[in-house]
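The values are calculated or read from the model by the stated rules, or taken from the named source; none is laboratory data. Here the structure is a predicted model, which means the values were calculated and not measured. A quick note on method: Cβ atoms are made from the backbone with ideal geometry, for glycine too, and the neighbour counts reach across all protein chains shown. Each accessible area value is taken on the protein alone, full model and side chains, heavy atoms only, with ligands, DNA and RNA left out. Shrake-Rupley method; radii C 1.70, N 1.55, O 1.52, S 1.80 Å.
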Amino acid sequence: LEETWLKRRCELSSNLAAAEKLAISAGEVLGSQSSELLDKEGAPRAGHSGASCNAASAACSAGPSQRASSGLLEVSEASPSAANRFAAEHLQVVIDLALLKRLRTNVPRRALCKYFSQDRQELLASLHSCFQDHHFGPGVDVGLATQGCSSRPPAALFVPHGAFCNSGFVAAHAYASLLNRPRNFSKVVLIGNNHAAWNKIALCDQKWTTPLGSFELDRAGFERLSASGFLVDRAVHREEHSIENQLPFLQFLNVNAQILPIGVGSVSLDEAHRIAKAIVEVSKSEDVLLIGTSDFSHEGPAYGGPTLSMQDVTNLTIRKDSPLLAAVQAMDVEQLLSLGRGSSMCGVGAASVFLLCCRHLGYTKCRLLKYLVNTMVTPCDSTTGFASMLFERG
């Protein structure tokens, strides 16, 4: 198909070297946006392919200053008319080819590994430590745990997303609650924070990888949310760790399911309700695991705060976290959003959407499993509060 397409489109010129240069520009232009031009089968959406190519052609036909600002490419000024026609035609070719290649190729999201080791054995050792530790962790041996009976009711997990050397112990408390439950989930819906894109709700259309393996995307759920108006933005997820940090725990527990990653930034109460309603529509099955993640207060010089003694900065964090924890446990979303505006909690939007999803799905009974500040585990002049909670049917 590609060869036929290329032959037909390249009849106007034999200068394939120039087309290759344009392909580089087209790849940059498409980037994460190419997923928005494809339907669920990977083919160009109706009206999108032509529109994108027309826009690109228009950019090529613009003056030098407009072309420079567009970031597309620079063409020869010696013969602007011929050069512009050549650029427009060949940019059409490379865009068409890029779309066709996406039909066959699903490039996985590359793991950041910022908060856990990229070495498989070291990562497994740290996970073992998180679960087996009796002081900070739940003190369980995952290898000796068995699948729970099918009558055990499902639950939703609220977990932190910090470094495994301290936050990991807290997260393990929540994931350990799955050890006595059936873990044959069809999919895991992960509601994470957008640290660098506060005003975005972002989906990702890729499969996700870690040093322990990969997770396929829940394509059906993704398509339904995308049709609801959710933005698809690979760039947001490319540098975001909050969802990625949950995947090794799921893999360690042999959870073999598709995932539906959803990044949430700053939202109003109405927006949180709208987003939660859409997520609930793809999460109603009993074999769907819902996970939300947020860290609590960030204090100390690393986050722009004053330099205090380690004990004082720890106490300050605990004091500031107290009302936030109470709001989450009470599932008081309005109060959480109000408190969050004046706090350093990262993930207020994600937590709010998660709580509303829990409410809709009947997970109204909350248990705080573990709370600590990172300085209780690893000495530091700056702090983050971490909590894990279990939400069950009331």
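Please list, by residue number, everything in the stretch 348-379 whose backbone N is under 17 Å from a paramagnetic label point 7 Å out along Cα→Cβ of residue 273. Answer for the stretch 348-379: 352-361.
Ranking 357, 303, 346 by how far each Cα lies toward the positive end of the dipole of the stretch 257-394 (charges on Cβ) leaves 357 at the top.
This model, with +1 at the C-beta of Lys and Arg and -1 at the C-beta of Asp and Glu, gives the stretch 195-318 a dipole about its Cα centre of some 260 debye.
Over 27 Å apart at the Cα level, from the set 114/187; 200/365; 207/370; 114/277; 200/277; 187/370, are 200/365; 207/370; 114/277. Heavy atoms of the protein chains alone define the surface here; on that basis the stretch 222-279 has 35 Å² accessible area per residue at 1.4 Å probe size. What a 1.4 Å probe finds exposed on the stretch 183-271 is 45% carbon and sulfur by accessible area, rounded to a whole percent. Summing Cβ point charges (Lys, Arg +1; Asp, Glu -1) relative to the Cα centre of the stretch 158-257 gives a dipole of roughly 220 debye.
Between residue 231 and residue 334, the FRET efficiency estimated from the beta carbon spacing at R0 = 30 angstrom works out to 0.75. Treating r as the C-beta distance of residue 341 and residue 121 and R0 as 51 Å, the FRET efficiency rounds to 0.75.
Across the stretch 211-271, the mean sequence separation of Cα contacts (distance under 8 Å, 6 or more residues apart), normalised by length, yields a relative contact order of 61 percent.
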